[in-house]
Amino acid sequence: HDPLFEQAFEVMQRIEEAGGEAYIAGGAVRDHVSGRAVGDIDIASSLPPSKIQEIFEKVIPVGIEHGTVIVRHRSTSYEVTTFRTESGYEDYRHPDEVTFVSDIRTDLARRDFTMNAMAMDRHGRIIDPFDGRKAIKHKQIRAVGNPYDRFQEDPLRMMRAVRFSSQLCFEVTGTTKEALVKQASLLANISMERVAEETRKTFAGQGIKNALGLLDETGLFHQLPFLEGMGLQKNPPLSPLKSWPEIAVFLCLQDSSFSVSAFLKTWKRSNQEKRETDQLKEAMNLYTDADDVTSWLAYCLPESLYSSFDRVTEAAGMDRGIKERLLDRKHHLPICDRKDLEFESVDLIALHPDKRKGPWISETMKAVERRVVEGVLENDYEKIKEWVITWNPPGNI
Ligand code: ATP
Ligand code: MG
């Protein structure tokens, strides 16, 4: 077995020694069965959180009332959740009531899709009461139980279905798909933040084209502000987009009148995401103006956004492998920052002691900076001074 699983088995053994039952459950079993890289390992256990806190040294109580604690073992975190069912969901957010149960099968029945409703014991045996393995084999996303009821209970599950269809390249079929159509409007009851997270993961999946088609067919698009009516199902991103700034700039490229600030505001994006969107947009303008990866572009765009820029240009079918070219340009830049200039704004002011301060200072410095970055002006005090005098002769002031 996966060494990741072996270490989780040690946690499970400890729970069994304390008289409980324990299983790996949910996404990790799904990913293992479908041969994908396993992410976080979640453990379902029959013991109450208080007991788990007793038997492990390092326990972080993250959601005791829902039965969840985090256990640290060999510097890995495991969410350990007591077997439970949920009922209520009056506010479409949290179940009104969480009831602890004694049986893993009852716990599996509360889960959203058959592929997510499997468990594995510490001997590697799989418990699969809803034919999750069969669904995985046929690449199908099927609700556990009656899909209308399950989407009614928690409408976010509809966006999870879309997200999984993109991540796994699976199809939503049969009554589960019909239920998406019937229940789509219920998504309006879910907070923007939670819908946004599933939407972002949808754009990050390999099967984004699939998922956009599904959003269109089911009417779920209607619940996603700004995305409907952009023709994305016909013109999908050609490769995954991983962040909101990447999605925003991609959409700008699809429609030049796209209001990116209204989009980010409606989707409740953070100031950092807004800033990064502006930086990527500015870089995009430089790129399309020059039709090339220039030194100035490599200089203006923060290196932390090179990968994002690469993904947007690839998804829009404009270019490929831009990141390498940006890095190459960056390594050959004469300066990395305005502070590296041998000629400063105080030097400029000293050249024109009688001139009033104003935007001319930053404009001139910007022109100097750009010329130095582009390699047409040497980063040398005398050379820059000479250039500044001819570019903006004192006589004209
Ligand atoms: P990922 O790889 O993205 O983490 P995951 O399947 O692990 O996918 P999580 O959101 O981490 O998804 O949830 C863990 C498990 O909890 C799921 O596999 C599923 O069994 C169950 N689950 C999560 N959200 C819901 C939900 N809204 N309704 C029912 N079951 C859910
Ligand atoms: Mg998970």
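Residues V69, V38, V11: which one is in contact with a Phe, Trp or Tyr (Cβ under 9 Å, 6 or more places away or on another chain), in contact (Cβ under 8 Å) with a residue 12 or more places away in the chain and within 11 Å of ligand 1 (Cβ to nearest atom)?
Of the residues listed, the single one that is in contact with a Phe, Trp or Tyr (Cβ under 9 Å, 6 or more places away or on another chain), in contact (Cβ under 8 Å) with a residue 12 or more places away in the chain and within 11 Å of ligand 1 (Cβ to nearest atom) is V38.
Can you work out which of the residues in region 318-366 that are in a helix (DSSP H, G or I) and β-branched (V, I, T) is farthest from the chain's Cα centre (by Cα)?
The residue in question is I349.
Return the residues of region 17-73 that are under 22 Å from S102 (Cα atoms) and among the polar types (S, T, N, Q); say none if nothing qualifies.
Within region 17-73, S45, S46, S50, Q53, T68 meet the criteria.
Consider K242 carefully, then state whether it is outside the structural domain of V372 (by TED's automatic domain parsing), under 30 Å from V372 (Cα atoms) and more than 16 Å from ligand 2 (Cβ to nearest atom).
No; evaluated as a whole, the condition is false for this residue.
Filter region 229-285 down to residues that are more than 24 Å from L326 (Cβ to Cβ) and in contact with a Leu (Cβ under 6 Å, 6 or more places away or on another chain), then give me how many there are.
Here the count works out to 4.
For region 1-34, how many residues meet the condition of being part of a loop (DSSP other than H, G, I, E, B) and closer than 19 Å to F130 by Cα?
Total satisfying the criteria: 2.
Restricting attention to region 251-283, which residues are assigned to a helix (DSSP H, G or I), of a type in the set (A, V, I, L, M, F, W, C) and over 15 Å from the mean Cα position of the chain (by Cα)?
L251, C252, L253, V260, A262, F263, L280, A283
Looking at region 374-383, is at least one residue out of contact with any helix residue (DSSP H, G or I) (no Cβ under 6 Å at 6 or more places or on another chain), of a type in the set (D, E, K, R) and part of a loop (DSSP other than H, G, I, E, B)?
So far as region 374-383 goes, yes, one or more of its residues are out of contact with any helix residue (DSSP H, G or I) (no Cβ under 6 Å at 6 or more places or on another chain), of a type in the set (D, E, K, R) and part of a loop (DSSP other than H, G, I, E, B).
Restricting to region 146-186, name every residue that is of a type outside the set (F, W, Y), touching a helix residue (DSSP H, G or I) at 6+ places or on another chain (Cβ under 7 Å) and part of a loop (DSSP other than H, G, I, E, B).
Correct list: P155, C169.
Give just the number: which of (1) more than 10 Å from ligand 1 (Cβ to nearest atom); (2) modelled with pLDDT of 95 or more; (3) surrounded by fewer than 23 Cβ atoms within 10 Å (Cβ to Cβ); (4) not assigned by TED's automatic domain parsing to the domain that holds F113 does G124 not satisfy?
(4)
The values are calculated or read from the model by the stated rules, or taken from the named source; none is laboratory data. Computed from a prediction, not measured in an experiment: that's the story for all the values here. Virtual Cβ from ideal backbone geometry, glycine too; neighbours counted across all protein chains shown.
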